[in-house]
Ligand code: FES
């Protein structure tokens, strides 16, 4: 009898061990470490606001030495920071590419350049309400977009639309400062002459430098010294060499049009890199779902439309959900889907995350009522 009991006990223990393995925690990888790193926030103060065009401003942020931030971390041209602001009691974050030369970080300065977006909550707040002297909390620089001297060719073609010029201004200055030894041609498309961001800087660079050049086309205006219309094969032809790296930053439509042109030049896909800063999903029919958010000390039930991400719905309801990149890349917003279905646009989940029902709310659109567990 004793032997039977012992056997039953062993069987039960084995069962428990197997059950615990089937729901094992995601493996702690270098990405998790990166995410933990990103939790470090910097306190900055706005020391200058420069009006680039009627709806674009460059903000200079300096380490706020009176707070817990004596210095700002170095960054690579092409990286972004996430700003944390509270608008009408609603905590929100937005990621913006750094537009300043990486060398500015040595002086504890970051610059971001923000364009007004129609009905854009954060862009309108930044352009209309933020003033010199205001304090701002920002993340460490992050992101993989930009030039890599190990991966990339010496002839770099950058294609920018509208405010997509910002990472390339940082890259242009990094090259001029001697950080990279490559040739850069920035093809920059804007509607009119008045819409050109960094106009003065671009003119100066074009006058003085051979290895960095800006080629600007105005899509809705004709003006001496500028190309006219959308970029086409003929405009790019003389700048394409045998081996090229192409970097793109701008609206989706620009990527689509440029990809067709790049196909004509036989530029391999692996040589083309995109900055991804939009997440969009247009369902055929608009539906409002219930979203139950389970936090450490409370549960809150809100609504979420199927054309907005779970993150946006939570921010609308003043829930302090974690977020940084907002495009599914950094993993910082990772949360557990307890029940329901979502459409995740463009997020690369790790295998262990997917196996354990993790999702990235910043790129998840509801496809049913949802119960979500946040780690806050
Ligand atoms: S905020 Fe970066 S993955 Fe969601």
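Structural remarks
- Residue 324 vs. criteria in contact with a strand residue (DSSP E or B) (Cβ under 9 Å, 6 or more places away or on another chain) and modelled with pLDDT under 90: yes
- Residue tally, condition more than 16 Å from residue 121 (Cβ to Cβ) and in contact with a helix residue (DSSP H, G or I) (Cβ under 7 Å, 6 or more places away or on another chain), over region 277-302: 3
- Here residue 314 meets the list (1) surrounded by 18 or more Cβ atoms within 10 Å (Cβ to Cβ); (2) part of a loop (DSSP other than H, G, I, E, B) almost entirely, failing just condition (2).
- Restricting the search to strands (runs of 3 or more DSSP E) fully inside region 63-133 and requiring at least 1 residues that are out of contact with any strand residue (DSSP E or B) (no Cβ under 7 Å at 6 or more places or on another chain) and more than 16 Å from the ligand (Cβ to nearest atom) gives 80-87, 90-97.
- Set 77, 95, 103: member being in contact (Cβ under 8 Å) with a residue 12 or more places away in the chain, within 26 Å of residue 198 (Cβ to Cβ) and surrounded by fewer than 18 Cβ atoms within 10 Å (Cβ to Cβ): 103
- Within region 336-362, being near the ligand (Cβ under 9 Å from one of its atoms) and touching a strand residue (DSSP E or B) at 6+ places or on another chain (Cβ under 7 Å) holds for 360, 361.
- Residues being more than 12 Å from the ligand (Cβ to nearest atom) and either in contact with a helix residue (DSSP H, G or I) (Cβ under 9 Å, 6 or more places away or on another chain) or within 19 Å of residue 96 (Cα to Cα) (or both) - total across region 304-313: 4
- Sole residue being away from the ligand (no atom under 16 Å from the Cβ), part of a helix (DSSP H, G or I) and over 25 Å from the mean Cα position of the chain (by Cα), chosen from 222, 204, 301, 284: 204
- Options 160, 172, 142: the member that is under 19 Å from residue 61 (Cα atoms), in contact with a strand residue (DSSP E or B) (Cβ under 9 Å, 6 or more places away or on another chain) and touching a residue at least 12 places away in the same chain (Cβ under 8 Å): 142
- Test: residue in region 150-163 that is within 14 Å of residue 98 (Cβ to Cβ) and modelled with pLDDT under 95: yes
- The lone exception for residue 356 - which of (1) surrounded by fewer than 23 Cβ atoms within 10 Å (Cβ to Cβ); (2) under 30 Å from residue 168 (Cα atoms); (3) modelled with pLDDT under 90 it fails: (2)
- Flag if residue 197 is assigned to a loop (DSSP other than H, G, I, E, B), outside the structural domain of residue 66 (by TED's automatic domain parsing), in contact with a strand residue (DSSP E or B) (Cβ under 7 Å, 6 or more places away or on another chain) and at negative phi: yes
- Residues of region 315-330 satisfying the condition of being touching a residue at least 60 places away in the same chain (Cβ under 8 Å) and more than 6 Å from the ligand (Cβ to nearest atom): 315, 316, 318, 320, 327
- Remark: residue 250 matches the filter, which requires a residue to be within 24 Å of residue 168 (Cα to Cα) and touching a helix residue (DSSP H, G or I) at 6+ places or on another chain (Cβ under 8 Å).
- Hits in region 263-281 - residues which are in contact with a strand residue (DSSP E or B) (Cβ under 8 Å, 6 or more places away or on another chain) and in a loop (DSSP other than H, G, I, E, B): 267, 275, 277, 281
- Flag if residue 248 is buried (at least 16 other Cβ atoms within 10 Å of the Cβ) and within 16 Å of the ligand (Cβ to nearest atom): no
The values are calculated or read from the model by the stated rules, or taken from the named source; none is laboratory data. All values derive from a computational prediction rather than experimental measurement. Backbone-built Cβ (ideal geometry, glycine too); neighbour counts: all protein chains shown.
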